[in-house]
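Below is one structure; the comments refer to it alone.
The values are calculated or read from the model by the stated rules, or taken from the named source; none is laboratory data. Since the structure is predicted, the reported quantities are computational estimates derived from the model, not experimental observations. Here Cβ is always computed from backbone atoms with ideal geometry, including for glycine, and neighbour counts include all displayed protein chains.
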Amino acid sequence: MSWSEDVPGEETIDPLNGIESEQSEQSENGLFAGDTGELPLDTRRALVQLLSGPSIDGHRHSKLWSVLVRDEGVIRKRLADLFLELVIDRDLQTAFTRQFDSGDLEIPTLLRRAQLTFIDSVLLLYLRQQLAQAASHGGRAVVSKADIVEHLSLYDRQGNTDRAGFDKRVYASIEKIKKYNIIQRIRASDDRFEVSPTLKLLFSAEEIQALTTLYQRMAAGEEE
């Protein structure tokens, strides 16, 4: 009897059958060769946008925002596996991720923390104030580079003769904030920017008041 003959009453077993079935299933569900992921393409795109940061803006990322709202539950679960929390504001149509407050539990940190200079902090506070003013009128917060320089010049050291050096620091701060998409350049304009609504979620009203008071005192020379 050769190996190719069937034995009466016994089932012929193909040792490759299970492997082929598994590969066929992967090819049907996967997006590319070797893909073992479970999420649809658009859900993965939304997840990557949240991880790469800093946010999903419903006005700028309308398709991703729709996907986020649709698949919020599964996206929250995937982020939780990475010790990340999804912060979402449906009124502002904006969402971002932050590290969970794990208490005494030691967990690895995935998100990088940006080191802010004093100029960076003052700039963020100014942008947050502009966002609040625009929201009270139902409009967008738009700022120009000239407006930013003029406002931040209040915090230049008294007696500083290197105004060009100070302006250079302000420009560097603008570029840093722009890199994190806190401001986005308005199309067809090199020096006008729209402030992202995400900034509203990063500063509470109490923090804004405290920082405003402190920086006003610094500008008046009452604090070093």
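What to note about this one:
- Scanning region 140-185 for residues that are acidic (Asp, Glu) and closer than 26 Å to Ser52 by Cα yields one hit, Glu175.
- Whichever residue in region 32-54 is out of contact with any helix residue (DSSP H, G or I) (no Cβ under 9 Å at 6 or more places or on another chain) and in a helix (DSSP H, G or I) and, among such residues, is farthest from Ile88 (Cα to Cα): Leu41
- Of all residues in region 157-176, none satisfies being within 21 Å of Thr213 (Cα to Cα) and small (Gly, Ala, Ser).
- Condition met for Arg185 (without any contact (Cβ under 8 Å) to a residue 24 or more places away in the chain and within 27 Å of the chain's Cα centre (by Cα)): yes
- Across region 80-92, a minimum of one residue is classified as farther than 22 Å from Tyr180 by Cα, at pLDDT 90 or above and surrounded by fewer than 16 Cβ atoms within 10 Å (Cβ to Cβ).
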